[in-house]
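No value in this document is a laboratory result; all are computed from the given coordinates. What you see is a predicted model; the values in this text were computed from it and never measured. Positions of Cβ are generated from backbone atoms using ideal geometry, with glycine treated the same way; all protein chains shown enter the neighbour counts.
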Amino acid sequence: MMARVMIVAGGDWQVPLVKKAKAMGHTVLCTNLYAKSPAFEFADDFAVVDVLDKEKNLEIAKKWKPDVVLTDQSDIAVPTVAYISEKMNLPGIGSEKANLFTNKYEMRCFEKKHGFQPPKFMLCKSYEAAKACFDQLGVTDAIIKPVDSQSSRGVYRIRENEDFGDKYAQAEKFSSSGCVIFEEYIDGEEFTIDGIMINGEYHTLGISRKKHYLHNAQIASDLLFTWDDEEYDYVELEKINRQHIVEAGLPFGLTHSEYKCFNGQYYLIEMAARGGGTLISSDIAPFMSSVDGPGTLLDLLLGKKLNIKECRDNKAALLHFLDVNPGKIKKIEGFKEASNISGVHKIHLDFKEGDILNAPNDDRGRAGFVIIFANNKKEILKKLNLLNEVLVIQSEPV
């Protein structure tokens with residue numbers, strides 16, 4: 001069945017979804033804020049419009065008459081997709097669920113209501129209110145973040161008696177609603193878990209253990225995907241994540257969740273109704289599970305009968321973000337050789353020689369990444385070490 005597919009958001013991480021829809025024989029319209037959006041190149045048609053502008057996107061949809069509307073790897077597009085689908089009587093998760101999965105305060109309230117154990121939290125509408133939260137919640141270490149943003153923008157760790165006015169202003173800046181959530185800081189190891197809800201069953205498509213940059217512990221430097229771990233119980237993590245998704249009542253769709261484990265207990269950090277970004281949904285999760293999540297979602301929206309079968313044997317993957325010294329890029333060598341290393345799936349650099357790089361302040365500020373596929377963790381580390389020997393990136397202070 002050839003269909004008309006509208007994809008909301010058109011950045012680098014939506015390119016695979018546009019290509020997937022095209023490869024399946026569909027006609028694609030893509031909407032995004034920028035005229036030179038990467039995904040536009042691969043779509044049949046495009047419209048320059050803010051992803052957050054629901055009414056304008058709806059106006060475009062009414063003229064174009066899509067059979068389905070969807071997005072992937074973008075939190076901010078989820079409410080717009082749900083809104084258009086509702087207004088045009090197309091399959092969707094509904095605006096209520098879209099709000100739950102994109103509003104961090106609403107998700108914390110949901111956890112508390114349904115018997116989960118979230119960190120202590122409060123909604124703040126001013127810096128003065130945030131300062132008072134330390135005493136009101138009885139904590140000394142906390143996180144502030146926008147209630148409705150993405151890519152770790154405006155997320156900061158703060159401590160009692162600290163002047164964090166500048167950090168609060170940044171968190172408020174990246175909040176579409178102008179509200180900031182204050183919550184108790186949870187220490188411990190961090191994990192991601194991706195999956196898909198389909199035909200009333202939830203399937204896990206990938207689990208990763210995170211590492212973070214030394215200069216900013218809120219920004220991930222590595223995500224190592226395996227199906228088990230020597231220190232942490234992934235069976236329990238899958239169980240807890242499935243409980244969250246099912247209890248939240250997500251009718252269908254891709255999901256991306258983040259958890260921390262502290263004193264043997266998993267705490268939900270965030271939960272989204274879309275696949276993981278930086279090609280987790282489109283490339284890594286299908287490799288780990290043998291399930292094409294975005295393609296499956298598109299088939300589901302078009303009413304096809306589906307049968308999901310996961311395959312987890314001998315799979316490991318690494319999403320490694322480059323740690324480049326800040327300054328002017330003096331030399332890049334060995335890119336082609338590194339790309340040809342067996343198991344290196346993709347290398348992406350967001351810079352060239354002569355560019356000036358700063359230390360990243362959020363996920364979007366990271367300099368580039370490498371994706372490596374292998375049979376196990378040991379092979380992953382060997383390939384990463386080889387890559388680091390071959391790929392040489394030098395910078396100088398400015």
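For the chain, rounded, prolate or oblate, judged on the Cα gyration tensor with a ≥ b ≥ c (square roots of eigenvalues), a/c < 1.5 rounded, else prolate if a/b > b/c? Please report the intermediate quantities before stating the final value.
Working: a/c = 1.27, a/b = 1.04, b/c = 1.22.
Rounded.
Which far-off residues, 5 or more places away or on another chain, put their amide H under 5 Å from the one on residue 30, with H placed in the peptide plane?
Distant-sequence amide H within range of residue 30: 7, 45, 46, 47.
With runs of 4+ DSSP H residues as the only contributors, calculate the mean residue ellipticity of the chain at 222 nm using -39,500 (n - 2.57) per run, divided by the residue total and rounded to the nearest 500.
Values: 12 runs with 116 residues, N = 398.
About -8500 deg cm²/dmol.
So between residue 310 and residue 44, what do we pick up on full extension, going 0.36 nm a residue minus the alpha carbon distance? If you can, show how the numbers build up before the last one.
Details: separation 266, 0.36 × 266 = 95.76 nm, distance 3.25 nm.
Working it through step by step, the gained length comes to 92.5 nm.
Taking every pair of Cα atoms in segment 4-92, average 1/r, invert it to obtain the Kirkwood radius, and report Rg/Rh to two decimals. List each step's numbers first, then the result.
Details: Rg = 11.2 Å, Rh = 12.3 Å.
Rg/Rh: 0.91.
Mind jotting down the distance between the C-alpha centroids of segment 128-178 and segment 311-351, whole Å?
33 Å
Restricting everything to alpha-carbon atoms, can you work out Rg to Rh for segment 120-184 with a Kirkwood hydrodynamic radius?
Values: Rg = 10.3 Å, Rh = 11.2 Å.
My calculation of the ratio gives 0.92.
Work out, step by step, the length gained on full extension between residue 299 and residue 376: first 0.36 nm times the residue separation, then minus their alpha carbon distance; give nm to one decimal.
Working: separation 77, 0.36 × 77 = 27.72 nm, distance 3.13 nm.
Length gained, residue 299 through residue 376: 24.6 nm.
Which residue fluctuates most in the GNM of the chain (Cα springs below 10 Å): 342, 208, 149?
Judging by the Gaussian network model, the answer is 342.
Determine by what factor the alpha-carbon radius of gyration of segment 1-41 differs from 2.2 N^0.38 Å, reporting the quotient. Mind showing how you got there, number by number?
Working: Rg = 9.7 Å, N = 41, 2.2 N^0.38 = 9.0 Å.
Relative to the rule-of-thumb radius for its length, segment 1-41 sits at 1.07.
Taking each pair of different alpha-carbon atoms in segment 60-146 once, compute 1/r for the pair, average those values, and report the inverse of that mean as the Kirkwood hydrodynamic radius in Å to one decimal. Write out the running numbers ahead of the final one.
Working: mean 1/r = 0.0646 Å⁻¹.
Every distinct Cα pair counted, the radius reaches 15.5 Å.
Expressed as a whole number of Å, what is the distance separating the alpha-carbon centroids of segment 223-261 and segment 77-102?
23 Å
Given a 10 angstrom Cα cut-off, can you work out which residue in 59, 86, 231 is the most mobile in a GNM of the chain?
Result: 231 has the largest fluctuation of those listed.
Where the centroid of each part is defined by its Cα atoms, how far is segment 1-54 from segment 185-212 in Å?
Segment 1-54 and segment 185-212 have Cα centres separated by 27 Å.
When the scattering of segment 245-319 is computed by the Debye formula from its Cα atoms alone, each counted once and equally, what is log10 I(q)/I(0) at q = 0.27 Å⁻¹?
-1.30
With a sphere of radius 13 Å drawn around the Cβ of residue 295, what net charge do the other residues whose Cβ falls strictly inside it have (Lys, Arg +1; Asp, Glu -1)?
Details: positive: 19, 20, 22, 304; negative: 72, 283, 292, 299.
Result for the local shell: 0.
In sequence order, what are the phi-derived ³J(HN,Hα) couplings for segment 248-254 according to the Karplus relation 6.51 cos²θ - 1.76 cosθ + 1.60 with θ = phi - 60°, rounded to whole Hz, with x for glycine and proline?
Along segment 248-254, the couplings run 6, x, 5, x, 6, x, 6 Hz.
Just 260, 63, 211 to compare: in a GNM of the chain, with alpha carbon springs under 10 Å, which one fluctuates most?
Highest fluctuation among the options: 63.
Hey, if you put +1 on the Cβ of every Lys and Arg and -1 on every Asp and Glu Cβ in the chain, which of 37, 268, 384 ends up farthest toward the positive end of that dipole?
Of the candidates, 37 comes out farthest on the positive side.
Against the empirical 2.2 N^0.38 Å scaling, what ratio does the C-alpha Rg of segment 187-311 come to? It would help to have the intermediate numbers written out before the result.
Working: Rg = 14.4 Å, N = 125, 2.2 N^0.38 = 13.8 Å.
Output field value: 1.05.
Using θ = phi - 60° and the Karplus relation 6.51 cos²θ - 1.76 cosθ + 1.60, list the HN-Hα couplings for segment 229-239 in order, rounded to whole Hz, with x at every Gly or Pro.
Computed from phi, the couplings for segment 229-239 are 8, 5, 9, 10, 8, 6, 5, 5, 4, 4, 4 Hz.
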